[in-house]
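Here's a structure for you.
The numbers here are math on the coordinates, done by the rules we state, and not lab data. Every value quoted in this text rests on a predicted model; they were computed, and no experiment measured them. So basically every Cβ, Gly included, is an ideal-geometry build from the backbone, and we count neighbours across all protein chains shown.
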Amino acid sequence: MTDLAAIPTGIHTTISAAPPNIGAQLFGSGLIGVREGLEAGIIVMILVAFLVKSDRRDALKWVWLGVGAAVLMTVAVFLTIQYGTYTVTGLAAEAIAGVASLLAVVIVTSMVLWMRKASASMSGELRAGMSKALETGAFAVFALAFLAVGREGVETALFMVGFAEAETAWPLLGLLIGVLIAAAIACGMYAGAVRINLAKFFKYTGVFLILVAAGVLAYGIGALQTVGWLPGLGSKAFDISSEHWSAWYGEIIQGVFNITPTPTVLQLICWLAYIVVVLALFLRPTAPKPVQATDVSTENADASEQSEDSPLTERSPQ
């Protein structure tokens, strides 16, 4: 059994965790809320725009019901992650946190990389799906909106694993503020009052989320080392803990990215390897989609209506 006195002070443990920095919790969870909320908002915009253009406003209520149900599901999943670990204590809590963190990293990474490829055709697929749903009935419209937005919601909740060790409501508050900001931006974009470059926005925030996921990975590895499921608990890579690390900027870096000043060798290796590999996959240039000869006239006709920051463009936001 692991000696509790040997637990590294830099690892956020549920046994003896330092009080989390409120600013770090609000900023980190808020930025996640803005990024994922805007992604979900674009999905809703596509569905709403399709129904309005198709003169099927009667189906809008089912879209909003689906969106509302997806939001409630996201909150429920987040609260389960946020407070569920406190029903157990000690090394059992560390084991659960470690496994949940690694599972979250796998799911979130796959979704981020998948979205990089799938976003180019997401708009067309959503419109095609809505067209079929309208033929099937109201429940199909509800299910389409629920699943499309719920997928983003689950991804958001999983990203929040890195903030879940804080037994406070600040991470949830930051997430809600970020989602509200994203909703306001999405509404402004739909109304034509707000214009942002989505390609750059999703690229930069995607890099941020990968860095957050790297910290969650390191946190999970540290938790599993604590319970003895992984070796190397006593092998420190370095120790940069100092009074500067406890300053406000150090607490924000540690709180947002789950970076510890006393990582183990295994934590450091996995953290660096994840960042190098995933960032290389995420930032690699994509080959331009060949233009079919029959599509040239259509693209030329629509060129004046589409721009790089258009929310409904078929091009990938990544």
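Just to be sure I understand the model, the point goes 7 Å from the Cα along the line to the Cβ. What's the resulting residue 76 to residue 269 distance in nm?
According to this spin-label approximation, the distance is 4.2 nm.
Under a point spin-label approximation (7 Å from Cα along Cα-to-Cβ), what is the residue 22-residue 279 distance to one decimal in nm?
In this crude spin-label approximation the distance works out to 3.3 nm.
Relative to the present Cα-Cα distance, how much length would full extension add between residue 106 and residue 169 at 0.36 nm per residue of separation?
20.1 nm
Give me 131, 29 sorted ascending by neighbouring Cβ count inside 10 Å, so fewest comes first.
131, 29
With θ taken as phi - 60° and the coefficients 6.51, -1.76 and 1.60, list the Karplus ³J(HN,Hα) couplings across the stretch 98-112 in order, rounded to whole Hz; mark glycine and proline as x.
Values, residue by residue: x, 5, 4, 5, 5, 5, 4, 4, 4, 5, 5, 4, 5, 6, 5 Hz.
Which cross-chain or sequence-distant (5 or more) residues have an amide H under 5 Å from the amide H of residue 264, H modelled 1.01 Å from N in plane?
237
Same structure again: Rounded to whole Hz and in sequence order, give me ³J(HN,Hα) for the stretch 39-44 from the Karplus expression 6.51 cos²θ - 1.76 cosθ + 1.60, θ = phi - 60°, writing x for Gly and Pro.
4, 5, x, 5, 4, 5
Also: Can you figure out the FRET efficiency of residue 194 with residue 131, using R₀ = 25 Å and their beta-carbon distance, to the nearest 0.05? Show your work: numbers first, answer last.
Working: r = 28 Å, r/R0 = 1.12.
The computed FRET efficiency comes out at 0.35.
Among all the lysines, which ones have a C-alpha under 20 Å from residue 132's C-alpha, if same-chain residues fewer than 8 places away are not counted?
53, 61
Going toward the positive end of the dipole of the stretch 133-237, with +1 on Lys and Arg Cβ and -1 on Asp and Glu Cβ, which of 212, 149, 177 do you reach last?
It is 212, whose Cα lies furthest towards the positive end.
Nearest 0.05, what FRET efficiency do residue 238 and residue 203 give at R0 = 30 Å with Cβ-Cβ as r?
Taking R0 as 30 Å, the efficiency between residue 238 and residue 203 is 0.45.
Going by average Cβ neighbours within 10 Å, how do the peptides 231-238, 46-53 rank, with the highest at the top?
Listed from highest to lowest mean packing, they are 46-53, 231-238.
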